[in-house]
1. What angle, in degrees between 0 and 90 and rounded to the nearest 10, separates the Cα long axis of helix 163-177 from the longest principal axis of the Cα atoms of the chain?
2. Report the label-to-label distance for residue 87 and residue 3 in nanometres (one decimal), using points 7 Å from each Cα along the Cα→Cβ vector.
3. How big is the Kirkwood radius of the stretch 1-78, worked out from every pair of different alpha carbons and given in Å to one decimal?
4. Which GluC sites (Glu not before Pro) in the stretch 25-118 pass both tests, a DSSP loop state and at most 12 other beta-carbon atoms within 10 Å?
5. Which residue fluctuates the most in the chain, going by a Gaussian network model with Cα springs under 10 Å, if the choices are 74, 150, 160?
6. Please list, by residue number, every one of the chymotrypsin sites (Phe, Trp or Tyr not before Pro) in the stretch 64-116 that is coil in DSSP and has at most 11 other beta-carbon atoms within 10 Å.
7. Between the helical axis of 70-81 and the dominant principal axis of the chain, each derived from Cα atoms, what acute angle in degrees is found, rounded to the nearest 10?
8. For the stretch 58-168, what does the relative contact order come out to in percent, with C-alpha contacts under 8 Å and a separation of six or more?
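Values quoted throughout were computed directly from the atomic coordinates according to the rules given, and no laboratory measurement underlies them. Keep in mind it's a predicted model, so treat the numbers as computed, not measured. Here Cβ is always computed from backbone atoms with ideal geometry, including for glycine, and neighbour counts include all displayed protein chains.
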Amino acid sequence: MTKLNIFIETDFEENNQKKIDENVLNTKKILTNTKKMMKFVLNQEQIILNSCLYNQEYKTLCFDIVFCDDKKIHKINKEYRNIDTPTDVITFALFADTNENERFIFEGEINLGEIIISYDTMEYNAINQPHIIDNNSLSIINELYFLISHGILHLLGYDHKDEKSYNEMMSLQKTIMSDII
């Protein structure tokens, strides 16, 4: 059985702390549900066959989820993607984006990378332009797990460069989230 080390951090400006809903950013619940989604993914042969984990030997997978505000994600988006605007999620897929011959597994542990989520944009999208996975679950919690499942797929090497791959990711996300939402 694969051990999952998932770390959740926050990186908000001090004055933004007041508008964060602690029911949404309940780190214990997010951690439990993210582990549940990852366990589901790891049991899906087709997902693993198409991921960076295929043919890899590991005992532990780890990654970070960082919640920040629009100011922070805007800075990251501009610096790393040359896009001068905030976004909802940015994923740094350390393992998947490394050349196969240079991938690093230390003592059976793979560091998949980092999922960075803007709380501000997540909240805005949940209200104004939600990523609808389930018509009965239009909420900021739905948006939260949409972004985490999206980030997980990116950490595993999935991408959405065209409509076909985008639709495939949306379908996988719906399946991954089915037990959470």
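1. With both axes taken from Cα atoms, the answer is about 90 degrees.
2. Inter-label distance under the simple model: 3.3 nm.
3. Values: mean 1/r = 0.0675 Å⁻¹.
Computed over Cα pairs of the stretch 1-78, the Kirkwood hydrodynamic radius comes out at 14.8 Å.
4. Within the stretch 25-118, the qualifying GluC sites (Glu not before Pro) (loop, at most 12 other Cβ atoms within 10 Å) are 57, 107.
5. Result for the chain, Cα springs under 10 Å: 160 fluctuates most.
6. Loop-located and lightly packed - 104.
7. Relative to the chain, helix 70-81 is tipped by roughly 40 degrees.
8. The value is 30 percent.
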